[in-house]
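Worksheet: the structure to be examined is printed underneath.
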Amino acid sequence: MNARTLGKNGFNIGEIGLGCWQLGGSEFGPLDEDTAHEILSTAKESGTTFFDTANVYGSGRSETLIGEFLKEHGEGITVASKTGREVYPDGYSRENLRTSTLESIARLGMQRLDLLQLHCVPHSILLDGAIFDWLRELKGEGLIKEFGASVESADEGLTCLQHRDLLSLQVIFNPFRQKLLDELLPRAEELEVGIIARLPLASGLLSGKFTADTTFGEADHRNFNRDGACFNVGETFAGIPFEKGVELADHLRSLVPEGMTMAQMSQRWILDFPAVSVIIPGASSPAQAFENATVTKTPSLSSDLHQALRDFYREEVHQHIRGAY
């Protein structure tokens, strides 16, 4: 797999990582431990060296499963976790941050975390800035190697970029979510802050496999959060109403290059931007983990296709996005 550097003097990692939200076995529905292990194994065998998780995924289950995998297969793997969502909206303190970090270290079986990211904390907390000092203290203690932030909006990202020792920003970025191209990505590239792109397939819309009749399990966030009932609507289908998202994806079919799937085109589009260090598609099966990794071998999209996708976003998509952006 092609490799990129995550942030200034940061980690050398494969450009296609693995998002591990689904390993929690909750917001994507049940996932048994054997399947989780097979997903992690297939991802690594396919060249993936970057796993992204969080302490709230399955109330720690995702971290625990990754920790069990790392005992025998951890060589060459960089793990990023996230913290702060468990105390949303107003439980942020130095003590809580340190406690959650120690708990993540224990579940992952690591001496220190490779990368700890703030997990979509309120903008007011980011603006206050004290939480970044607490991260620096954890780094000084040797509990984390580097720190970053996962954000919901461009404004939140720009606030984080004011801290020059920030290694990375995790953002929602895909052909349906292009606002970041206007200011945030150029600024991050200028400052050599790595970009971790989540929701590269807009919760599966950009796989092109859904129809208006597709249904999801009761415990799947694509069912219970499609209108933002439980958390930011942007985390589900990139904030686009499901039926409209299916319609938009159908319109993209004519743009998919010969020999590519829509999922490959969508992920290749993201990788064509040098500001991006890694994309983190999820996988609910080993086959999906393998298929995601193959995108590293696909050629860059043509300038004409990039322009067509940019025009499509501006003319057809942008007005349908809901939530912080």
Subset of the range 288-301, residues touching a residue at least 40 places away in the same chain (Cβ under 8 Å) and either more than 21 Å from the chain's Cα centre (by Cα) or surrounded by fewer than 14 Cβ atoms within 10 Å (Cβ to Cβ) (or both), comes to LEU301
Every residue in the range 172-194 that is farther than 17 Å from LEU116 by Cβ and of a type in the set (A, V, I, L, M, F, W, C), please. ILE172, PHE173, PHE176, LEU180, LEU181, LEU184, LEU185, ALA188, LEU191
Could you please find all residues in the range 173-217 being touching a residue at least 60 places away in the same chain (Cβ under 8 Å), in a loop (DSSP other than H, G, I, E, B), under 20 Å from GLN319 (Cβ atoms) and of a type outside the set (S, T, N, Q)? PHE173, PRO175, PHE176
Scan of the range 18-54 for residues that are assigned to a loop (DSSP other than H, G, I, E, B), within 17 Å of GLN170 (Cα to Cα) and touching a residue at least 60 places away in the same chain (Cβ under 8 Å), ordered by number: CYS20, ALA54
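Of the residues GLU33, GLU68, only one is charged (D, E, K, R), surrounded by fewer than 24 Cβ atoms within 10 Å (Cβ to Cβ) and farther than 21 Å from LEU116 by Cβ; which? Full working, then the answer.
Details: GLU68 fails: farther than 21 Å from LEU116 by Cβ.
One residue alone meets the criteria, GLU33.
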I'm checking my understanding of the structure. Among residues of the range 123-146 that are hydrophobic (A, V, I, L, M, F, W, C), in a helix (DSSP H, G or I) and out of contact with any strand residue (DSSP E or B) (no Cβ under 6 Å at 6 or more places or on another chain), which one is surrounded by the most Cβ atoms within 10 Å (Cβ to Cβ)? LEU126
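Yes or no, residue by residue, for (1) assigned to a strand (DSSP E or B); (2) within 30 Å of PRO186 (Cα to Cα):
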{"residue": "TYR57", "(1), (2)": "no, no"}
{"residue": "GLU63", "(1), (2)": "no, no"}
{"residue": "GLY67", "(1), (2)": "no, no"}
{"residue": "GLU95", "(1), (2)": "no, no"}
{"residue": "ALA106", "(1), (2)": "no, no"}
{"residue": "LEU115", "(1), (2)": "yes, yes"}
{"residue": "VAL121", "(1), (2)": "no, yes"}
{"residue": "ALA149", "(1), (2)": "yes, yes"}
With respect to the numbered conditions (1) farther than 30 Å from ALA289 by Cα; (2) part of a helix (DSSP H, G or I); (3) of a type in the set (D, E, K, R), which one is the sole condition not fulfilled by ARG164? (2)
The one condition GLU75 fails out of (1) assigned to a loop (DSSP other than H, G, I, E, B); (2) in contact (Cβ under 8 Å) with a residue 24 or more places away in the chain is (2)
Pairs returned, first residue in the range 94-122 that is on the phi > 0 side of the Ramachandran plot, second residue that is surrounded by 15 or more Cβ atoms within 10 Å (Cβ to Cβ) and hydroxyl-bearing (Ser, Thr, Tyr), beta-carbon separation under 7 angstrom, 6 or more apart or interchain, are CYS120/SER150
Does LYS82 satisfy the criteria of being surrounded by 22 or more Cβ atoms within 10 Å (Cβ to Cβ), touching a residue at least 40 places away in the same chain (Cβ under 8 Å) and of a type in the set (Lys, Arg)? yes
Among the residues of the range 302-325, the number that are part of a helix (DSSP H, G or I) and surrounded by fewer than 18 Cβ atoms within 10 Å (Cβ to Cβ) is 14
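Where a number appears in this text, it was derived from the coordinates with a stated rule and is not lab data. Here the structure is a predicted model, which is why all the values come from computation and not from measurement. Quick reminder, even Gly has a Cβ in these numbers, built from the backbone with ideal geometry, and neighbours come from all protein chains shown.
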